[in-house]
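Worksheet: the structure to be examined is printed underneath.
What follows is calculated from the coordinates using simple rules that are stated; it is not laboratory data. The structure presented is a predicted model; accordingly, all values stated were derived computationally and were not measured. Note that each Cβ is placed from the backbone with ideal geometry, even for glycine, and that neighbours are counted across all protein chains shown.
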Amino acid sequence: MAGPTFVRACGLSELEEDTPKRVELDGTPVSVVRTEGEVFAINDICSHANVSLSEGEVEDCQIECWLHGSAFDLRTGKPSGLPATRPVPVYPVKIEGDDVLVSLTQEN
Ligand code: FES
């Protein structure tokens, strides 16, 4: 079986700590987040309504939806509290030099 295919999302140097960056990969909106010494990729659409998570705040390895305040764990995509009940897909990330590579193969 072929392994996951990684595509370049952005440059590592373009990412500011705790400032999500929205990119489109194969038509999928993805929020790339550098925080706590790691880089994470999470689908940019909240599982509660059609809202862009990259416009929210990052804290404690979570990204908070600015509309109703559910926070999603960047490692698992799971919401910490209501109103969202469903997880948001998170994606594997690889760093190669200055390239941040993301695989849309869903992890959870
Ligand atoms: S739209 Fe994100 S929590 Fe409601």
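Per-structure values
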quantity	calculated
Separation in nanometres of the label points that stand 7 Å from Cα toward Cβ, at Thr28 and Arg75	2.1 nm
Electrostatic dipole magnitude of the chain [Cβ: Lys, Arg +1; Asp, Glu -1; Cα centre; debye, to 20]	480 debye
Mean separation of Cα contacts under 8 Å (6+ apart) over length of the range 1-54, as relative contact order %	25 percent
Selected from Val33, Gln62, Val7, residue furthest toward positive end of dipole (the range 1-85; charges at beta carbon)	Val7
Whole-Hz couplings from phi, Karplus 6.51/-1.76/1.60, listed for the range 54-64; x for Gly and Pro	5, 8, x, 8, 10, 7, 6, 6, 10, 10, 9
Spacing of the two label points (7 Å from each Cα toward its C-beta) at Asp98 and Ser52, in nm	2.4 nm
Under-5 Å amide H pairs with Asp99, H placed in peptide plane, nonlocal only	Leu12
